[in-house]
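All remarks here apply to the structure that follows.
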Amino acid sequence: MRADTSRTPQASGRGVDRLPDGPDRADELAALYAWPTATPHVRANMITSLDGGAALDGRSGGLGNEADRELFAVLRDLADVILVGAGTVRTEQYGGIRFDPDRLARRRRWGRSEQPPPIAVVTRRGLDADLPLFTDTQTRPIVITPQAAAERVPPTADALIAGTDEVDLAAAVRGLADRGLGRIHCEGGPALLGDLIARDLLDECCLTIAPVLLGSAATRLLPIDLAAPVAWTPALLRIGGAHLFARYLREAA
């Protein structure tokens with residue numbers, strides 16, 4: 001028997017604070033999601049369905065709403081670098097970040113560089129030079145790859161060699177921090193998220209939960225086996241539209 005949620009306060013969003021929705025909402029979001037002082041710090045921003053699906057037909061874009069898209073942009077604008085897996089770059093046709101005047105002005109307010117943060121893509125096999133990431137960008141992207149694939153880094157990108165035959169993600173995080181890119185913002189996909197968690201490199205997870213069920217055809221948010229449960233501490237819980245927005249920090253060992 002289906003429960004009658006019409007009389008449950010949480011069913012209409014009462015009992016949980018809402019995301020900022022006024023003229024200063026970008027600045028308020030920036031305060032809510034302020035980075036910790038210590039770097040490097042790896043933050044992931046992911047979206048999932050109610051049943052844990054992160055993508056359908058390889059894409060996650062259809063899960064978001066206006067609040068999710070706005071937060072997506074704010075989190076990008078707070079970061080030093082955007083970390084993403086090669087599969088997501090190909091499927092989502094990632095291009096570089098460009099600032100309109102409003103985003104440039106708020107970036108200045110937040111003490112960030114006027115130069116858009118670079119996209120750093122993790123790839124074991126290399127990438128084709130004609131992808132939008134390399135042809136439609138204001139800031140040179142970074143290709144994180146092992147020595148074995150170094151020759152497949154497009155000339156329009158900067159190479160970060162991490163590992164010999166496979167990508168060494170710990171070395172990649174250190175390499176980004178050494179370049180002054182310590183606020184590392186990961187946008188997935190699920191495989192890269194899983195690798196970061198399995199190697200104990202993820203410090204924070206910002207998770208949007210969409211009010212939809214995708215079923216078994218969807219790609220799981222975390223399609224890997226973990227040796228042991230990984231504990232997290234909730235730092236924020238808000239509602240935006242019909243979506244739930246959570247921020248979790250990794251519990252200290």
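When each of Ala228, Ala217, Ala191 is tested for being among the small types (Gly, Ala, Ser) and free of Cβ contacts under 8 Å to residues at least 12 places away in the same chain, the lone residue that passes is Ala228. Within segment 137-163, residues that are closer than 14 Å to Gly95 by Cα and open to solvent by less than 60 Å² (accessible area, probe 1.4 Å) sit with their Cβ atoms under 7 Å from residues that are not in a loop (DSSP other than H, G, I, E, B) and not hydrophobic (A, V, I, L, M, F, W, C), at 6+ positions apart or across chains, in these pairs: Ile142/Asp158. Only residues that are part of a loop (DSSP other than H, G, I, E, B), open to solvent by 20 Å² or more (accessible area, probe 1.4 Å) and not hydroxyl-bearing (Ser, Thr, Tyr) were counted in segment 109-127, giving 7. Scanning segment 186-242 for residues that are part of a strand (DSSP E or B), open to solvent by 40 Å² or more (accessible area, probe 1.4 Å) and hydrophobic (A, V, I, L, M, F, W, C) gives Ile209, Trp232, Ala235, Leu237.
A search for C-beta distances below 9 Å between a residue of segment 99-114 that is aliphatic (A, V, I, L, M) and any residue that is open to solvent by 50 Å² or more (accessible area, probe 1.4 Å), counting only pairs 6+ apart in sequence or on different chains, returns Leu104/Glu114.
No other residue among Ala172, Ala148 is outside any loop (DSSP other than H, G, I, E, B), touching a strand residue (DSSP E or B) at 6+ places or on another chain (Cβ under 9 Å) and among the aliphatic types (A, V, I, L, M) apart from Ala172. Assess whether Arg43 counts as being within 16 Å of the chain's Cα centre (by Cα), modelled with pLDDT of 95 or more, open to solvent by 20 Å² or more (accessible area, probe 1.4 Å) and more than 14 Å from Ile209 (Cβ to Cβ). In short, no. Among the residues of segment 85-137, those that are hydrophobic (A, V, I, L, M, F, W, C) and in contact with a helix residue (DSSP H, G or I) (Cβ under 7 Å, 6 or more places away or on another chain) comprise Val89, Ile97, Phe99, Trp110, Ile119, Ala120, Val121, Val122, Leu127, Leu131, Leu133.
Of all residues in segment 114-126, those satisfying the criterion of being more than 20 Å from the chain's Cα centre (by Cα) and either over 12 Å from Ala159 (Cα atoms) or among the hydrophobic types (A, V, I, L, M, F, W, C) (or both) are Glu114, Arg125.
Among the residues of segment 74-98, those identified as surrounded by fewer than 19 Cβ atoms within 10 Å (Cβ to Cβ) and part of a loop (DSSP other than H, G, I, E, B) are Gln93, Gly95, Arg98.
The values are calculated or read from the model by the stated rules, or taken from the named source; none is laboratory data. None of these values were measured; they are calculated from a predicted model. Don't worry about glycine lacking a Cβ; one is built from the backbone with ideal geometry, like all the others, and counts go over all protein chains shown. Accessible surface is based on the protein model in full, side chains and every heavy atom, while ligands, DNA and RNA are left aside. Shrake-Rupley method; radii C 1.70, N 1.55, O 1.52, S 1.80 Å.
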